[in-house]
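Just so it is clear, none of the values below were taken in a lab; they were calculated from the coordinates. No experiment lies behind these values; they were computed from the predicted model shown. Note that each Cβ is placed from the backbone with ideal geometry, even for glycine, and that neighbours are counted across all protein chains shown.
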Amino acid sequence: MIQARVLIRPKEGILDAQGKAVEGALPALGFEGIEHVRVGRIVELQAESIDRLEELCEKLLANPLIEDYEIETITG
Amino acid sequence: MTWGVLQFPGSCDERDALNACQIAGGGGPDQARLVWHEETDLSGLDGIVVPGGFSYGDYLRAGAIARFSPAMTAVADFAAAGGPVLGICNGFQVLCESGLLPGALLTNERTRFICRQGDLVVGEADSPFLTGLEADQTISIPFKHQSGRFFAPPELLDRIESNNQVAFRYAPGHNPNGSVNDIAGVTNEAGNVLGLMPHPEHAVEAFSGSTDGLAIFQGPALTATGGAA
């Protein structure tokens, strides 16, 4: 089995409301000098082959209209 | 006219949608029934409502998993055959995820859940759901959502606008979520599929303060009987 990790993030240029909310909370917690926070998600999975992972991302894991994704395969 | 109202695990507005369909049809109980998400037989139904709520817990993205339900496969066939399909709130998200409607719904600009009455302006779209309404008419119905920011990339947005697929816009000053071009609802190119974030099914009886939502449910029957174009 292949261990894979899919990183999904909001497309550049689309307002990431969650990222903005996190960024907005930082000064109150004493974190200075942090900007451009963007919140995405990670999907980890095991697959027999990587053949259809791209299709899986296009159809389900990401919405290509609003999100970019990257597939990382993790060896052993 | 007999309506089918889809019910997914996590739907929560299906009873109000059922009620709205029944009132629109003149009050009889045989004018609408629930369609469980595992059902695939839509025979005998003349219209479909994909209701609001949190189908499959909104896991992954709102509407992403409901799209793969057996009932939605049947709804895609129903829509392709020209049947009227109305998606409300989460139903709108499901229809966008399914590719039956253009665009996507993102988390509200200010991330908060919105729940309040607001105004919509009827668009130019040619749809059976708009038969009982006039373009530019203002209606007042509840807004109730957290992921309602309509988005389409520029080229797609141009197509939606130039094809007159905008069914509703938030009235000036009423855009609650940062939707592009104030879009609150769109149709497919054929006009028989309409999705909107606000909730017409919660505005069909006088006690709720507005009955402006009723016309949307009455539209398809009016169209079928050759009512106003």
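For the reader, a short list of remarks on this structure follows.
- Residue count, the stretch A:34-76 (criterion: within 14 Å of chain B (Cβ to nearest Cβ) and either surrounded by 11 or more Cβ atoms within 10 Å (Cβ to Cβ) or hydrophobic (A, V, I, L, M, F, W, C) (or both)): 22
- Residue count for the stretch B:133-144 satisfying the condition of being in contact (Cβ under 8 Å) with a residue 60 or more places away in the chain and either surrounded by 20 or more Cβ atoms within 10 Å (Cβ to Cβ) or touching a Lys or Arg at 6+ places or on another chain (Cβ under 7 Å) (or both): 5.
- The criterion of at least 3 residues that are more than 14 Å from every other protein chain (Cβ to nearest Cβ) and free of Cβ contacts under 8 Å to residues at least 40 places away in the same chain is met by the following helices (runs of 4 or more DSSP H) wholly inside the stretch B:8-108: B:14-24, B:70-80.
- Residues being outside any strand (DSSP E or B) and within 14 Å of another protein chain (Cβ to nearest Cβ) - total across the stretch B:120-163: 11
- Qualifying positions in the stretch B:7-40 - within 18 Å of B:Pro128 (Cβ to Cβ) and aliphatic (A, V, I, L, M): B:Ala17, B:Ala20, B:Ile23, B:Ala24, B:Ala32
- Number of the condition not met by B:Pro176 [criteria: (1) out of contact with any Leu (no Cβ under 9 Å at 6 or more places or on another chain); (2) without any contact (Cβ under 8 Å) to a residue 60 or more places away in the chain; (3) in a loop (DSSP other than H, G, I, E, B); (4) closer than 17 Å to B:Cys89 by Cα]: (2)
- Note on the stretch B:37-60: among residues that are in contact with a Phe, Trp or Tyr (Cβ under 7 Å, 6 or more places away or on another chain) and β-branched (Val, Ile, Thr), the one that is surrounded by the most Cβ atoms within 10 Å (Cβ to Cβ) is B:Val49.
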